[in-house]
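Notes for the one structure printed next.
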Amino acid sequence: LKKGKTAETQSVEVIPTAPDYADSTMWFVTENDSTGTGADVFYIVSTWELDWLTADGKICHYADVQNEEHRNDMAKEISRIAEYMAQGNNFYAPYYRHITLDSWATRNEDTIHRRAQLAMNDVKQAFDHFLSRRDNSRPLILAGFSQGGMAVVELLKYMGDETYNHLAAAYVLGYKVTPQDTAQSRHIRAAHDSADVGVTI
């Protein structure tokens, strides 16, 4: 496989194989909570890949989680975030089929929204798998940067009340939270004090 920019000439998009989140290679995990007093951090990586070409010359607008190079790209960011967010906590970040930088560069909201649905479905499936295995008595922290920040906003709309009750904070970095977003979910609530919980920062 090789990366490269080409014009969008295909009528049918190439979709990489979906991740199986029961497979440990689909995760970056650092478990540093030896005392049981820390939080579970769920981090969503930003955008790393350009449009790239498959071996048969077809263009793809999504990261391929089966591609070790793509996972390594994502791990560059995730590992740096884990250096501080995993201190005293358990840290989990899924690899997902994020849409490419070229997709964002189209500035076509319909195209971006359509492609982002696939990426967000991966994130939701990863989050469901994560929730099914975690100790629900522990505090939960969500965080993401850029495309990952968008995913945090969507997860806040998606999560149930029981999960939200364990949310310490959600960090939306490099992405906007709009009045429309807050109107869609009472789980999106601004912080007013440093001791606030269940808030979006």
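Rolling a 1.4 Å sphere over the protein heavy atoms, what is the accessible area per residue of the chain, to the nearest Å²? Here the residues of the chain average 50 Å² of exposed surface. Using amide H atoms built in the peptide plane, which far-off residues or other-chain residues are under 5 Å from VAL172 H to H? Here ILE201 satisfy the definition. Between ARG114 and ASN72, the simple spin-label model (points 7 angstrom out along Cα→Cβ) gives 3.4 nm.
When the charge dipole of the chain is built from unit charges on Cβ atoms (+1 for Lys and Arg, -1 for Asp and Glu) and taken about the Cα centre, the candidate among GLY174, ALA18, VAL197 whose Cα reaches farthest toward its positive end is GLY174.
Taking all protein chains together and rolling a 1.4 Å probe, THR25 ends up with roughly 70 Å² accessible. The count of lysine pairs in the chain with alpha-carbon distances below 12 Å, taking only pairs 8 or more places apart or on different chains, stands at 4. State, as an integer percentage, the relative contact order of the stretch 2-139 based on alpha-carbon contacts under 8 Å between residues 6 or more apart. Relative contact order for the stretch 2-139 comes out at 33 percent. Full extension of the segment from GLN125 to GLN184, taken as 0.36 nm per residue of separation minus the current Cα-Cα distance, would add 19.2 nm. For the stretch 50-201, the share of accessible area belonging to carbon and sulfur comes to 48 percent (1.4 Å probe, ligands and nucleic acids excluded). Please work out the FRET efficiency for the pair ARG134 and THR106, using the Cβ-Cβ distance as r and a Förster radius of 30 Å; give the result to the nearest 0.05. So the FRET efficiency works out to roughly 0.25. With both bridge residues required to lie in the chain, what share of the DSSP beta bridges run antiparallel, to the nearest 5%? Within the chain, antiparallel bridges account for around 35 percent of the total. Rolling a 1.4 Å probe over the protein heavy atoms leaves ARG114 with an accessible area of roughly 120 Å².
Report the charge-dipole magnitude of the stretch 57-146 in Debye, nearest 20, computed about the Cα centre from +1 at each Lys and Arg Cβ and -1 at each Asp and Glu Cβ. Write out the running numbers ahead of the final one.
On the way: 12 positive and 12 negative charges, 38 e Å.
So the magnitude is around 180 debye.
Couplings 3J(HN,Hα) of the stretch 95-103, computed from phi: 7, 9, 7, 5, 6, 7, 4, 5, 5 Hz, in residue order, whole Hz [Karplus 6.51 cos²θ - 1.76 cosθ + 1.60, θ = phi - 60°; x for Gly and Pro]. Phi angles of the stretch 34-39 translate, via the Karplus equation with coefficients 6.51, -1.76, 1.60 and θ = phi - 60°, into HN-Hα couplings of 8, 9, x, 10, x, 10 Hz per residue; Gly and Pro are given as x.
The 1.4 Å probe gives accessible areas that order TYR84, TYR171, TYR96, largest first, as TYR84, TYR171, TYR96.
Taken one residue at a time, the phi angles of the stretch 134-149 give Karplus couplings (6.51, -1.76, 1.60, θ = phi - 60°) of 8, 7, 5, 7, 8, x, 10, 10, 10, 7, x, 10, 6, 4, x, x Hz. Gly and Pro are set to x.
The values are calculated or read from the model by the stated rules, or taken from the named source; none is laboratory data. Not measured: the values here are computed from a predicted model. Here Cβ is always computed from backbone atoms with ideal geometry, including for glycine, and neighbour counts include all displayed protein chains. Ligands, DNA and RNA are stripped out before the accessible areas are found, and what is left, the full protein with its side chains, is counted by its heavy atoms. Shrake-Rupley method; radii C 1.70, N 1.55, O 1.52, S 1.80 Å.
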